[in-house]
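One structure below.
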Amino acid sequence: MLSQKQIKDILVKADILTDGDFDKFAQEAEESGKKMENYLIEKKVITPISLYESAAAYFKLPFVNLKGQAIRKDILFSIPEPIATTHDLIAFDGDEKEIKIATLNPDDLEIFEFIKKKTGLEPKIYLTTPESIKDNLKQYHKGLKAEFDYLTKGGQKPENGKDGEKDLKKLAEDLPVVRIVDTLLEYAIFQEASDIHIEPEEKDIIVRYRIDGILHNVMILPKNTQSGIIARIKILSNLKVDEHRLPQDGRFKVATEEYKVSFRVSIIPTFDGEKIVMRLLNEKAQILSLEQLGFQPSSLELVKRNLKKPHGMLLVTGPTGSGKTTTLYTILNILNTPEVNISTVEDPIEYRMPRVNQSQINPKIGFTFATGLRALLRQDPNIIMVGEIRDQETAEIAVHAAMTGHLVLSTLHTNDAVTTLPRLSDMGVPSFLIATTTNLIIAQRLVRKICPNCIQSYNLDKQAIEELNKFLNVGNLLKTLEKEKAIVSSKSGLESILFYRGKGCKKCNNSGYKGRIGIYETLEITKEMSDIILKKGTATEIKAQAEKQGMLAIVEDGFIKAKNGITTIEEIMRVTKE
């Protein structure tokens, strides 16, 4: 759909409406709660064809009306269905050199570049009507339906018997199945998704991608594609094709010149069939610096100072998916010099690092974090990274390793830095060991960054400030912002501060967000903090001392980033609300 400003420019330039007429219609459309384009068509001021023909002249592009036109199957399918649906475009003609694309958004250059790379053909862009796009998207389903009908025809249906595995393998090699799975993987890489969820329902299969931490519906597939898709993914991951009752885990890689992505596959039986979740790990991803991760200067100073210590424990805490592993790898990368021996026990190994001895745990054969850690200590390491401290045994070995001259890095599932210390006590680690071995605790969350293409500023109204007051002490927050030099004075209140949000555009799929960044709190175990731990101090006493030391809380770090236009207040509240 065209924006209101574009419609105005197009209609005024084509002498269809004057400025004044357009503004009058715009007001009427707003009052009736309708989109401008739909309102003008409804009022018979314009027809869809006249609007988009004028738009084509405005954009200096050819116009094509595809309504009722049959498109050759090989041309239609040269653009995968999820891409056509998401970006409102259709491939309708072409030859060995170029591909003709009808679109509603000629500014979507990124997707045309993707199509060029995928097809190896030069895209020639045409403008068309929404009706044309909608009509022709149905041809995908007709094409897919015809291709999938044979899957449900008697003999092709896999039976659970001796021939079941053979039939499923045959099914997994069928072109439509291969094409669907390839499209799902390729489009997920293109969208920078972190996970793909393939979820069987009673009548169909829903495919969702997790992008920037949030799940989005991508496409709905017919139910009769289920066994073929599952079999295809099992073959790619080297799993048992005819096992439908037990969970299975596997992995595979997709590599091209542009990317190298590892897929970790988890399959679990559900009521309507097997559900698949694939985690994507980009092996070509650059390891970031601490600054790029989003540490404030004061926190950065603390981290760098504690990395220079030859032994002790550095813990990164936060819920699942809060970026703990990325932080640990960034720290490992700084410590990774030829003079030290670094060894890790992980579950799973997410990124390969040169000169680091990485071990993957395997509980099935008794290789747990605890046994791995014990074995590592005989390998003369200087620095040890334990993927996660999950139990008392691992906690005790890690603390003892830190006490005997090793630098130990690990993660823990706690909500903030302060509660990590009592948590270690609950795991049965003596207070005197916690006090003497822990150097630094980093707690973190990931927030989505505002899309730079559609960022806009606004001020909080009274109602929003009252709402915020229920969750945090606004007075203290303002003092912190002033102390961290994010604002000049705390006296003028929150209403005077400019905050930012994304309006939503094609580049960010109208979400207003693009990419993610960390918000952190870093707690250093000073002499005073050690004394409180030795006395078995409560979380409240530890928190009071942390504040006295000037620790920046996660929410405060978030508000500094919101004030600087990096993220929104809504994001901060979403990830920090208890």
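The values are calculated or read from the model by the stated rules, or taken from the named source; none is laboratory data. Keep in mind that this is a model prediction, so the values were computed, not measured. Note: ideal-geometry Cβ built from the backbone for every residue, glycine included; neighbour counts use all protein chains shown. These area figures cover heavy atoms from the full protein model, side chains too; ligands, DNA and RNA do not enter into them. Shrake-Rupley method; radii C 1.70, N 1.55, O 1.52, S 1.80 Å.
At a glance:
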quantity: Test for L421: is it surrounded by fewer than 23 Cβ atoms within 10 Å (Cβ to Cβ), part of a helix (DSSP H, G or I), hydrophobic (A, V, I, L, M, F, W, C) and touching a strand residue (DSSP E or B) at 6+ places or on another chain (Cβ under 8 Å); calculated: no
quantity: Residues being assigned to a loop (DSSP other than H, G, I, E, B) and among the acidic types (D, E) - total across the stretch 248-287; calculated: 4
quantity: Selection count, the stretch 454-485, where residues are over 31 Å from the mean Cα position of the chain (by Cα) and either closer than 25 Å to L421 by Cα or open to solvent by less than 10 Å² (accessible area, probe 1.4 Å) (or both); calculated: 1
quantity: The stretch 287-342, residues that are small (G, A, S) and modelled with pLDDT of 95 or more; calculated: G312
quantity: Residues satisfying the stated conditions in the stretch 129-149, i.e. open to solvent by 10 Å² or more (accessible area, probe 1.4 Å) and at pLDDT 60 or above; calculated: P130, E131, K134, D135, L137, K138, Q139, H141, K142
quantity: Hits in the stretch 396-418 - residues which are touching a residue at least 60 places away in the same chain (Cβ under 8 Å), open to solvent by less than 10 Å² (accessible area, probe 1.4 Å) and among the small types (G, A, S); calculated: A398, A402, S410, A417
quantity: The one condition in (1) buried (at least 19 other Cβ atoms within 10 Å of the Cβ); (2) assigned to a loop (DSSP other than H, G, I, E, B); (3) of a type outside the set (F, W, Y) that S511 fails to fulfil; calculated: (1)
quantity: Within the stretch 550-578, considering residues that are among the aliphatic types (A, V, I, L, M) and assigned to a helix (DSSP H, G or I), the one farthest from T526 (Cα to Cα); calculated: I569
quantity: Count of residues meeting criterion [touching a residue at least 60 places away in the same chain (Cβ under 8 Å) and of a type in the set (A, V, I, L, M, F, W, C)] in the stretch 81-123; calculated: 3
quantity: From F59, F92, residue being more than 32 Å from the chain's Cα centre (by Cα) and more than 28 Å from I220 (Cβ to Cβ); calculated: F59
quantity: Selection within the stretch 288-318 - open to solvent by 50 Å² or more (accessible area, probe 1.4 Å) and not in a helix (DSSP H, G or I); calculated: L288, K308, K309, P310, H311
quantity: G323 being under 28 Å from the mean Cα position of the chain (by Cα) and surrounded by 16 or more Cβ atoms within 10 Å (Cβ to Cβ); calculated: yes
quantity: Filter pass, E495 being outside any loop (DSSP other than H, G, I, E, B), modelled with pLDDT of 85 or more and open to solvent by 30 Å² or more (accessible area, probe 1.4 Å); calculated: yes
quantity: Conditions (1) more than 33 Å from the chain's Cα centre (by Cα); (2) at pLDDT 85 or above; (3) β-branched (V, I, T); number of the one not met by V45; calculated: (2)
quantity: Helices (runs of 4 or more DSSP H) fully within the stretch 17-128 counting 3 or more residues that are within 28 Å of E192 (Cβ to Cβ), open to solvent by 50 Å² or more (accessible area, probe 1.4 Å) and out of contact with any helix residue (DSSP H, G or I) (no Cβ under 9 Å at 6 or more places or on another chain); calculated: 109-119
quantity: Wholly enclosed strands (runs of 3 or more DSSP E) of the stretch 168-247 bearing at least 2 residues within 25 Å of the chain's Cα centre (by Cα), at pLDDT 90 or above and buried (at least 22 other Cβ atoms within 10 Å of the Cβ); calculated: 195-200, 204-211
quantity: Top-ranked residue of the stretch 261-281 - restricted to ones that are of a type in the set (S, T, Y) and open to solvent by 20 Å² or more (accessible area, probe 1.4 Å), ranked as nearest to V241 (Cα to Cα); calculated: S266
quantity: Members of the stretch 360-395 found to be buried (at least 19 other Cβ atoms within 10 Å of the Cβ) and either on the phi > 0 side of the Ramachandran plot or not in a loop (DSSP other than H, G, I, E, B) (or both), listed by number; calculated: F369, A370, G372, L373, L376, I383, I384, M385, V386, T394, A395
quantity: Any chance K157 is modelled with pLDDT under 85 and out of contact with any helix residue (DSSP H, G or I) (no Cβ under 8 Å at 6 or more places or on another chain); calculated: no
quantity: Qualifying positions in the stretch 521-549 - farther than 18 Å from G428 by Cα, open to solvent by less than 30 Å² (accessible area, probe 1.4 Å) and either of a type in the set (A, V, I, L, M, F, W, C) or assigned to a loop (DSSP other than H, G, I, E, B) (or both); calculated: L523, I525, M529, I542, A546
quantity: Given (1) touching a Gly at 6+ places or on another chain (Cβ under 9 Å); (2) over 27 Å from T404 (Cα atoms); (3) among the charged types (D, E, K, R), index of the condition K324 fails; calculated: (2)
quantity: Filter pass, V356 being open to solvent by 40 Å² or more (accessible area, probe 1.4 Å) and of a type in the set (V, I, T); calculated: no
quantity: Residue in the stretch 396-417 that is nearest to the chain's Cα centre (by Cα), counting only those that are among the small types (G, A, S) and part of a loop (DSSP other than H, G, I, E, B); calculated: A417
quantity: Residue list for the stretch 424-470, restricted to those being in a strand (DSSP E or B) and small (G, A, S); calculated: A443, S457
quantity: Positions within the stretch 433-453 being touching a helix residue (DSSP H, G or I) at 6+ places or on another chain (Cβ under 7 Å), open to solvent by less than 30 Å² (accessible area, probe 1.4 Å) and not hydroxyl-bearing (S, T, Y), in sequence order; calculated: L433, I434, A435, N439, L440, I441, I442, A443, Q444, R445, V447, C451
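For every residue, the table says whether it meets (1) acidic (D, E); (2) closer than 21 Å to H216 by Cβ; (3) free of Cβ contacts under 8 Å to residues at least 40 places away in the same chain; (4) in contact with an Asp or Glu (Cβ under 7 Å, 6 or more places away or on another chain).
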position	(1), (2), (3), (4)
V254	no, yes, no, no
E257	yes, no, yes, no
S266	no, yes, yes, yes
M278	no, yes, no, yes
L288	no, no, no, no
